[in-house]
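Input: a single structure, listed below in structure tokens.
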Amino acid sequence: NLDGSASYDNLSWLVSASYRFRAGLMGYIRVSSGFRAGGINPSASDINVFQPEKIVSYEAGVKAEWLDRRLRTNLAVFNVDYRDLQISQFLAGTGGATSAIVNAGKVAYRGVEAELTALPAPGLTFDGSFGYTAPKYKTYNYLDPATDTVLNVASEARMSQAARFNAHVGLQYEHDLGVGKLSLRTDYSYRSTVYWFTLDRLNVFNRDIRSRPDHNLRARIALDDVAVGKARLGIGVWGDNLTDQRNIDFGIDFGSLGYASASFKKPRSFGVDARVVY
């Protein structure tokens, strides 16, 4: 028999400007605000009211095309200032498991993103991307149950469920065979370590169940646009996790209960898919 109420309102804004240096080269800047409403967490064992999360985001970038539009590059840098960041904390005890949503404090997320697409030869496409994100916790308020005092543990806080580094490269070739269009594609992606929880002092197995750096290689061969009567047929053969890497893809830390659990990504897998368009 728990009840409560919460009500919040917000007016967000966005200001942007762009400048065209020449045909195929543009720079931009953008400043905006964001808002995530507060509320009442229905999964908690008591009335867990949390406050709104607010951000101010700054972004600048350059978008360009080169070599008669056979090369495209995009570059962006950003800084996002969070206030009253909402953090979900999984809590377990002898009475069972609950989750609480708390407002941790102030965080600045800084990063850079880059993308590249190239057409080096007829039918051949190369694309790649890179991303780096680094948080800087200014304040992270934690209620110490032993002393019943609020501590600033910003130096301990991790960026949960997110990776600092992401990278991807892909290569695709397309050729018209007359009876249909043949396409060959392969992709490789990399992601750095992911922690599932923010504070090790709350989740003591956080390091043990983290997802280590992940590498994924996949490929696909397809024949599309094949005439079958009045319909068009497409069929493809694909493979995923071709290096058969074993890595954790999600984990739960039961903390004070003394154990944790984790699931692993799918092993090497293959498949066939088909579609018919009338």
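At a glance:
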{"item": "Selected from Tyr140, Ser16, Leu151, residue furthest toward positive end of dipole (the chain; charges at beta carbon)", "result": "Ser16"}
{"item": "Spatial separation of Cα centroids for segment 17-38 and segment 211-243, in angstrom", "result": "35"}
{"item": "Inter-label distance for Phe21 and Ser33, nm, one decimal - labels placed 7 Å from Cα along Cα-to-Cβ", "result": "3.3"}
{"item": "For the chain, the spread of Cα positions along each principal axis, largest first, Å", "result": "75, 47, 35"}
{"item": "Max mean-square fluctuation residue, GNM over the chain, Cα-Cα springs under 10 Å, options Pro213, Pro52, Pro145", "result": "Pro145"}
{"item": "Theoretical FRET efficiency, 1/(1+(r/R0)^6), r = Cβ-Cβ of Ser88 and Glu115, R0 35 Å, to 0.05", "result": "0.70"}
{"item": "Cut-off under 5 Å, modelled amide H: who pairs with Asp200 long-range", "result": "none"}
{"item": "Label-point gap, in nm, between Tyr132 and Gln245 - each point 7 angstrom along Cα→Cβ", "result": "1.9"}
{"item": "Tally of Lys pairs whose C-alpha atoms are under 30 Å apart, taken over the chain, 8 or more apart or cross-chain", "result": "9"}
{"item": "Accessible surface ranking that places the most exposed of Glu174, Glu113, Glu59 first, with a 1.4 angstrom probe", "result": "Glu113, Glu174, Glu59"}
{"item": "Heavy-atom accessible area per residue - the chain, 1.4 Å, Å²", "result": "61"}
{"item": "Estimated FRET transfer efficiency (Arg69, Tyr190; beta-carbon r; R0 25 Å; 0.05)", "result": "0.30"}
{"item": "Listed residues Arg158, Arg164, Arg246 arranged by accessible area, highest first, probe 1.4 Å", "result": "Arg246, Arg164, Arg158"}
{"item": "FRET efficiency estimate (nearest 0.05) - Cβ-Cβ, Thr139 to Tyr8, R0 22 angstrom", "result": "0.55"}
{"item": "Within the chain: Cβ-based charge dipole about Cα centre, in debye rounded to nearest 20 (Lys, Arg +1; Asp, Glu -1)", "result": "800"}
{"item": "Accessible area of the chain belonging to carbon and sulfur atoms, whole % at 1.4 Å probe", "result": "56"}
{"item": "Coil-residue chymotrypsin sites (Phe, Trp or Tyr not before Pro) of segment 245-277, DSSP, other Cβ within 10 Å capped at 16", "result": "Tyr259"}
{"item": "Test item: Cα-centred dipole of segment 142-278, Lys/Arg +1 and Asp/Glu -1 on Cβ, debye", "result": "400"}
{"item": "Simple label model, 7 Å out from Cα along Cβ direction - Thr149 to Asn79, nm", "result": "3.3"}
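The values are calculated or read from the model by the stated rules, or taken from the named source; none is laboratory data. A quick note: this is a predicted structure, and the numbers were derived from the prediction, not measured. Using ideal geometry, Cβ is built from the backbone for each residue, glycine included, and neighbour counts are taken over all protein chains shown. Only protein heavy atoms, including side chains, enter the accessible area calculation; ligands, DNA and RNA are left aside. Shrake-Rupley method; radii C 1.70, N 1.55, O 1.52, S 1.80 Å.
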